[in-house]
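The next block holds one structure in the form of structure tokens; read it before the comments.
The values are calculated or read from the model by the stated rules, or taken from the named source; none is laboratory data. Here the structure is a predicted model, which means the values were calculated and not measured. Cβ atoms come from the backbone with ideal geometry, glycine included; neighbour counts cover every protein chain shown. Accessible surface is based on the protein model in full, side chains and every heavy atom, while ligands, DNA and RNA are left aside. Shrake-Rupley method; radii C 1.70, N 1.55, O 1.52, S 1.80 Å.
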Amino acid sequence: MRVLVVEDNRNLVANLFEYFDARGYTLDAAPDGPTGLHLAVTVDFDAIVLDWMLPRMDGREVLSRMREAGRDTPVIMLTARDELPDKIAGFRAGADDYVTKPFHLPELEVRLEALVSRARGRGRNKVLQVGDLKLDMGTLEATRGGRSLHLYPACRKLLEVLMQASPAAVTRERLEHALWGDDPPDGDMLRSHIYELRRSVDGPFPVKLIQTLPRVGYRIIAGEAAAGAGGAIE
């Protein structure tokens, strides 16, 4: 399980790393709100532990912006605020769970496991849709206009990431990380996979859904919105 910890208390972060590393988790850390937001929307995590009081941008704003960007990663708010209005505000911003300080590390671990398990269960039954394009996350079948599309595994993963974020753009870095983690291959292999994805998703159809946004990345956008958008199309 890969978890992002957005927390400015170095001692707490060190304790979390020591505890979860020993249990086989992979942790990444961000010391402030903007850094946490950047990682949350560009890297795929199984869950995020998000402090409320952060430098430069508080946790609630980080969470709101992350949800607006289309990221549905499970989030546990970690905070000393334990009043009911604070908890309600956190949940309304998009939190999935709420742990107040001080807390016991085994409790946090159990809550993380429960959140990720539920999220994965939801994902297996989920059907992503953009216009007439559908991706069934249970069967991994992609169709457009009712027509089955043949996709290689790498193209299917790219399609999943793009559809989850639609209509927002997805950076090249995030797409590369989705395919290869922290060790992308030499050369522009991403461009080759995008080309193959376009052949399957857009090739036989008059309306093109996949767009290239120069110096940004790619996006999938549906129907009339696609035809009227200003992004360059390859």
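Residues are listed down the side, and each one gets a yes or a no for (1) under 20 Å from the mean Cα position of the chain (by Cα); (2) open to solvent by 50 Å² or more (accessible area, probe 1.4 Å):
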residue: 16; (1), (2): no, no
residue: 28; (1), (2): yes, no
residue: 32; (1), (2): yes, no
residue: 85; (1), (2): no, yes
residue: 88; (1), (2): no, yes
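For residue 10, indicate whether it is modelled with pLDDT of 90 or more, more than 19 Å from residue 118 (Cα to Cα) and among the basic types (Lys, Arg). So residue 10 passes the test. If only residues of the stretch 161-193 that are assigned to a helix (DSSP H, G or I) and over 15 Å from residue 45 (Cα atoms) are counted, the one that is most open to solvent (accessible area, probe 1.4 Å) is 191.
Restricting to the stretch 102-129, and then to whatever is open to solvent by less than 70 Å² (accessible area, probe 1.4 Å) and touching a residue at least 40 places away in the same chain (Cβ under 8 Å), can you tell me which residue is farthest from residue 206 (Cα to Cα)?
Filtering the stretch 102-129 for residues that are open to solvent by less than 70 Å² (accessible area, probe 1.4 Å) and touching a residue at least 40 places away in the same chain (Cβ under 8 Å), the one farthest from residue 206 (Cα to Cα) comes out as 105.
If you go through the stretch 43-75 and pick out every residue that is open to solvent by 20 Å² or more (accessible area, probe 1.4 Å), modelled with pLDDT under 90 and in a helix (DSSP H, G or I), you end up with 5. A search for C-beta distances below 7 Å between a residue of the stretch 130-145 that is acidic (Asp, Glu) and open to solvent by 10 Å² or more (accessible area, probe 1.4 Å) and any residue that is part of a loop (DSSP other than H, G, I, E, B) and modelled with pLDDT of 90 or more, counting only pairs 6+ apart in sequence or on different chains, returns 132/145.
Which one of these does residue 219 not meet: (1) surrounded by 14 or more Cβ atoms within 10 Å (Cβ to Cβ); (2) more than 19 Å from the chain's Cα centre (by Cα); (3) outside any helix (DSSP H, G or I)? Residue 219 satisfies all of (1) surrounded by 14 or more Cβ atoms within 10 Å (Cβ to Cβ); (2) more than 19 Å from the chain's Cα centre (by Cα); (3) outside any helix (DSSP H, G or I) except (2).
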